[in-house]
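As structure tokens, the structure follows; a few thoughts come after it.
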């Protein structure tokens, strides 16, 4: 006799007769309530941009941390539960440092993404002899960006433990509209400066508030500067350029150009059915 829907809901590691893990699906839905996050890969590096929701005039916007450094050549942006993101980022940092100490080389972007996704799968019931497990899936998705011998790379990791490599990707509450814009406007010849403008223009279109340096955060990973979060004056300069520039069909956020933001070849660890 099959269990009821509510009983499958309570079991974080129990498949329904349809082959679904409802708690994982709910975790993925929770991400759609988070702030919009955008990542764009270019030949020169990767740009990450995040909407910061300043819900009170008494809130210090600089205390909202949505983009985090993993290593000098690695960083990530998150959407969802910030506390869950900190746990995953701390695991990624430990993995990166252990790899550097053991092998005397920087960890590959794909390897650290795999480690984060392995952690995402460690939920359910555990016995006293097992290593500690999470009582529920993580309610956060990450855009992990970095630079290694394979060049700039951008990965998306979700609560199911699945990860894919993208040329451009949006997650969070405005992800549908943002992803559609990226699909139309991304092209392979984008420069890093054009990618910065594109990310902010996409965020501007999906944000409810007026775009300014207090409610967005921008970071870049390049071979020259490694991981770096842009300063407020740099953000202001880019935003001013966007506000002052007339509509230009040839700019990086103009009409579609050859190429698309479809995912690169998939490499990942999948929880349940694809």
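Would you confirm whether or not region 220-241 contains a residue that is in a strand (DSSP E or B), without any contact (Cβ under 8 Å) to a residue 24 or more places away in the chain and within 14 Å of residue 49 (Cβ to Cβ)?
Checking region 220-241: at least one residue is in a strand (DSSP E or B), without any contact (Cβ under 8 Å) to a residue 24 or more places away in the chain and within 14 Å of residue 49 (Cβ to Cβ).
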Worksheet item: Is it the case that some residue within region 9-23 is in contact with a strand residue (DSSP E or B) (Cβ under 9 Å, 6 or more places away or on another chain), surrounded by fewer than 16 Cβ atoms within 10 Å (Cβ to Cβ), assigned to a loop (DSSP other than H, G, I, E, B) and at pLDDT 95 or above?
Response: no
Worksheet, complete the sentence: Within region 170-192, residues being crowded, with 21+ Cβ neighbours inside 10 Å and farther than 15 Å from residue 35 by Cβ number 5
Worksheet item: In region 99-113, how many residues are assigned to a helix (DSSP H, G or I) and either surrounded by 20 or more Cβ atoms within 10 Å (Cβ to Cβ) or without any contact (Cβ under 8 Å) to a residue 40 or more places away in the chain (or both)?
Response: 9
Discussion item. Pairs needed: first member in region 56-74, in a helix (DSSP H, G or I); second member anywhere, at pLDDT below 90; C-beta distance under 6 Å; at least 6 residues apart or different chains.
Written reply: 61/54; 61/214
Discussion item. Here is a check on your reading of the model: is residue 96 in contact with a helix residue (DSSP H, G or I) (Cβ under 7 Å, 6 or more places away or on another chain), outside any loop (DSSP other than H, G, I, E, B) and more than 28 Å from residue 181 (Cβ to Cβ)?
Written reply: yes
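The values are calculated or read from the model by the stated rules, or taken from the named source; none is laboratory data. Just so we're clear, the structure is a prediction, and the values are computed from it rather than from any experiment. All Cβ positions, glycine included, derive from the backbone under ideal geometry; neighbour counts span all protein chains shown.
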